[in-house]
1. Among the residues of the stretch B:47-84, which ones are among the small types (G, A, S) and at the interface with chain A (Cβ under 9 Å from one of its Cβ atoms)?
2. Please identify the pairs in which a residue from the stretch A:279-299 that is surrounded by 13 or more Cβ atoms within 10 Å (Cβ to Cβ) has its Cβ atom under 6 Å from the Cβ atom of a residue that is of a type in the set (D, E) and part of a loop (DSSP other than H, G, I, E, B), counting only partners at least 6 apart or on another chain.
3. Look through the stretch A:310-329, keep the residues that are among the basic types (K, R) and either at pLDDT 95 or above or not assigned by TED's automatic domain parsing to the domain that holds A:L350 (or both), and return whichever of them is surrounded by the most Cβ atoms within 10 Å (Cβ to Cβ).
4. Mind checking which helices (runs of 4 or more DSSP H) fall wholly inside the stretch B:211-309 and carry at least 1 residues that are assigned by TED's automatic domain parsing to the domain that holds B:V85, under 20 Å from the mean Cα position of the chain (by Cα) and among the small types (G, A, S)?
5. Taking the residues in the stretch B:18-40 that are of a type in the set (G, A, S) and more than 8 Å from chain A (Cβ to nearest Cβ) as candidates, determine which candidate is nearest to the chain's Cα centre (by Cα).
6. Please go through the stretch B:52-72 and give me each residue that is surrounded by fewer than 24 Cβ atoms within 10 Å (Cβ to Cβ) and under 28 Å from A:Q81 (Cα atoms), ordered by number.
7. Among the residues in the stretch A:344-361, are any assigned to a loop (DSSP other than H, G, I, E, B) and either touching a helix residue (DSSP H, G or I) at 6+ places or on another chain (Cβ under 7 Å) or small (G, A, S) (or both)?
8. For the structure I just gave you, tell me whether B:E186 is without any contact (Cβ under 8 Å) to a residue 40 or more places away in the chain and outside any loop (DSSP other than H, G, I, E, B).
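The values are calculated or read from the model by the stated rules, or taken from the named source; none is laboratory data. Just so you know, these numbers come straight off a predicted model, no measurement behind them. In this analysis, Cβ positions are derived from the backbone assuming ideal geometry, glycine residues included, and neighbour counts consider all displayed protein chains.
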There are 2 protein chains.
Amino acid sequence: MTDQRIYNFNAGPAALPLSVLEEIRSSFLNFKNSGMSITEISHRSSYFDGVINDAVKRAKRLLKLSDRYHVLFIQGGASLQFAMVPMNLLSKGETADYINTGTWSTKAINEAQNMGKSVHVVASSEDKNFSYIPREISFNKESKFVHLTSNNTIKGTQFSDFPDTGGIPIVADMSSDIFSRPLDMEKFGMIYAGAQKNLGPSGTCMVIIRKDLLDSVNNDLPAMLKYSTYSSKNSMYNTPPCFGIYTISLVLKWIEEQMGGIDKVEEHNITKADLIYDHIDASSFYKATAEKDSRSLMNITFRLPNEDLEKTFVEQASKRGLGGLKGHRSVGGCRASIYNAATMESIYALIEFMESFEKENK
Amino acid sequence: MTDQRIYNFNAGPAALPLSVLEEIRSSFLNFKNSGMSITEISHRSSYFDGVINDAVKRAKRLLKLSDRYHVLFIQGGASLQFAMVPMNLLSKGETADYINTGTWSTKAINEAQNMGKSVHVVASSEDKNFSYIPREISFNKESKFVHLTSNNTIKGTQFSDFPDTGGIPIVADMSSDIFSRPLDMEKFGMIYAGAQKNLGPSGTCMVIIRKDLLDSVNNDLPAMLKYSTYSSKNSMYNTPPCFGIYTISLVLKWIEEQMGGIDKVEEHNITKADLIYDHIDASSFYKATAEKDSRSLMNITFRLPNEDLEKTFVEQASKRGLGGLKGHRSVGGCRASIYNAATMESIYALIEFMESFEKENK
């Protein structure tokens with residue numbers, strides 16, 4: 001811990017790389033010798049052009065995106081995307097397949113249905129309380145896209161690989177695992193991700209969309225709800241969330257220049273998650289809640305023998321500088337969110353604490 | 001100038017109070033001894049409850065809002081409000097009156113019309129290139145609301161007082177003059193304001209709405225486009241733009257505790273604007289573009305004898321540490337945006353520069 005900072009296991013907003021925070025702080029009154037804070041700079045200035053173009057370029061490099069994709073920044077979080085996706089991509093008479101792996105997928109399905117869109121839920125893990133990722137799914141050939149949530153922060157499940165949709169483009173909510181691993185972009189028509197887990201502060205959603213999907217967008221949609229408004233103006237039809245985009249550019253720079261790229265990030269994430277899962281599996285005190293083959297590398301959900309112990313665990317951890325270990329309010333239990341920015345040091349601190357807590361309370 | 005900061009006359013994003021920036025910087029790695037940055041803190045934590053509740057309370061105190069009003073934080077800027085206002089407030093068969101005072105009003109009107117809403121443009125200053133604020137307007141008695149833009153950043157016009165609508169609630173886009181003066185809230189059903197001029201960084205829009213206006217909201221709207229979603233969850237249905245709300249809370253604190261409240265802010269704004277307008281009026285070199293009785297206290301738009309001189313003016317000013325004096329790209333000329341955070345020191349620096357530039361170039 002530096003400067004009395006804690007080990008932050010929050011699910012989102014979540015830990016950011018310390019070097020990114022330090023860079024923001026050190027330039028906060030005077031961004032690149034502009035004499036202004038990043039929060040005071042015109043989005044129509046060359047300063048900000050530099051920021052947003054850098055963020056887009058790094059995102060494209062990291063995900064090896066071809067020129068077929070736009071990288072956009074939209075406000076409103078993934079929750080607004082639940083509505084914008086069907087609004088933009090599903091015209092009258094078209095249908096889409098949705099996979100339901102929990103709260104966020106369910107919300108996405110509900111928004112589409114509320115809008116009167118034709119949506120088929122082709123797979124769901126609701127039968128086992130969303131503790132697994134469904135496999136062997138039959139998709140409807142006429143589907144415009146297949147929507148899925150790549151990682152479920154609440155239940156701690158994650159698609160380790162993505163289904164073969166027979167060429168139907170996948171639209172994925174990757175809010176909690178974007179840039180945590182390389183992707184075979186051939187499978188994806190669109191990816192969206194609220195920034196507040198792996199990318200930056202809340203208030204900015206990154207949207208990566210294949211250009212041909214924009215061809216059929218209904219032009220009568222309100223400007224701010226139409227992807228083409230963002231793609232035609234480099235996300236600056238109106239004032240974008242400048243501070244968020246700036247932070248994202250620094251986080252992507254950190255991935256490229258300090259972490260050594262996205263393959264290294266994935267290795268790092270596997271190492272971190274394995275350490276904790278191995279510790280849990282070796283213990284009879286802690287119990288992981290997600291099925292083994294569906295476990296998330298980002299959110300490790302686990303239970304203790306009873307709820308009283310879970311409460312004490314979270315409280316004592318907090319006192320020792322390990323924060324955010326409480327499970328989502330809708331499911332209880334414990335959860336360690338270990339996104340890209342979670343350090344090895346924090347993982348070791350957690351395991352050490354888990355060990356000592358088990359000894360004291362077994 | 002402190003720490004090589006410039007005098008920032010940007011139209012938005014714009015200058016923020018230095019003490020606010022310094023407070024953000026000093027706590028950026030460790031917010032209120034949480035061991036986390038404000039950008040890393042859970043929006044479901046007591047830390048963030050403190051932030052958002054403080055921002056709401058201060059807004060209510062400063063505008064003397066009764067309990068009839070909600071204070072909400074919504075993403076997407078005023079541009080999304082152009083769509084959300086008619087979407088939420090105009091049901092089938094209902095109509096609204098709009099006053100057109102320039103670019104932003106026109107966009108608001110277009111969004112409502114695109115959605116097929118019934119909208120009457122009851123007044124417009126387009127006949128004189130939006131250089132004035134229309135007076136003596138006849139409103140339609142059956143109107144649900146009257147929409148207006150309180151301050152036009154591009155043309156430098158501002159409603160000095162608000163029309164008598166015969167009790168029809170005004171819905172005002174106050175992006176560029178919110179909290180710049182006290183308001184008679186009895187007249188307003190709703191106020192909305194993108195934060196990036198008088199309130200904080202871009203990416204957060206403050207929406208103040210009278211509760212009874214929510215009664216008729218169509219429940220089938222997508223969650224993120226429905227005011228009731230925000231009012232029922234204290235703006236935290238999903239992760240809100242935490243950093244923006246935090247900065248807004250600090251700016252409102254600065255108004256209350258350092259500026260001495262909103263009456264003092266208004267006095268200060270009048271003093272600042274008068275100094276510049278008086279200087280312009282006393283000169284035959286500079287010419288203000290807005291009609292005298294419609295002049296904005298926030299954005300002072302003016303011309304020089306020719307465009308070459310305007311270009312040189314902006315360039316030389318920039319070299320002397322006076323930034324953002326170029327007029328909006330759609331109209332040209334010069335513009336000094338002097339929102340709440342513009343200091344007297346910056347006003348004097350501007351006037352001094354205007355004097356010397358005139359001498360050298362007359």
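1. Taking the stretch B:47-84 first, the residues among the small types (G, A, S) are B:50, B:55, B:59, B:66, B:76-79, B:83.
B:G76, B:G77, B:A78, B:S79, B:A83 - these are the residues of the stretch B:47-84 that are among the small types (G, A, S) and at the interface with chain A (Cβ under 9 Å from one of its Cβ atoms).
2. Filtered contacts from the stretch A:279-299: A:M298/A:D177.
3. The first filter runs over the stretch A:310-329 and keeps only residues among the basic types (K, R), leaving A:311, A:319-320, A:326, A:329.
With the extra rule that they be either at pLDDT 95 or above or not assigned by TED's automatic domain parsing to the domain that holds A:L350 (or both), the set shrinks to A:311, A:319-320, A:326.
On the way: A:K311: 14, A:K319: 8, A:R320: 16, A:K326: 22.
Only one residue fits best here, namely A:K326.
4. Values: elements: B:227-231, B:242-253, B:262-281.
The helices (runs of 4 or more DSSP H) meeting that bar are B:242-253.
5. Of everything passing the filter in the stretch B:18-40, B:S19 is nearest to the chain's Cα centre (by Cα).
6. B:I52, B:N53, B:V56, B:H70, B:V71, B:L72
7. Going through the stretch A:344-361, the residues assigned to a loop (DSSP other than H, G, I, E, B) turn out to be none.
Checked against the condition, which is being assigned to a loop (DSSP other than H, G, I, E, B) and either touching a helix residue (DSSP H, G or I) at 6+ places or on another chain (Cβ under 7 Å) or small (G, A, S) (or both), the stretch A:344-361 yields no hits at all.
8. Working: without any contact (Cβ under 8 Å) to a residue 40 or more places away in the chain: yes; outside any loop (DSSP other than H, G, I, E, B): yes.
It is true that B:E186 is without any contact (Cβ under 8 Å) to a residue 40 or more places away in the chain and outside any loop (DSSP other than H, G, I, E, B).
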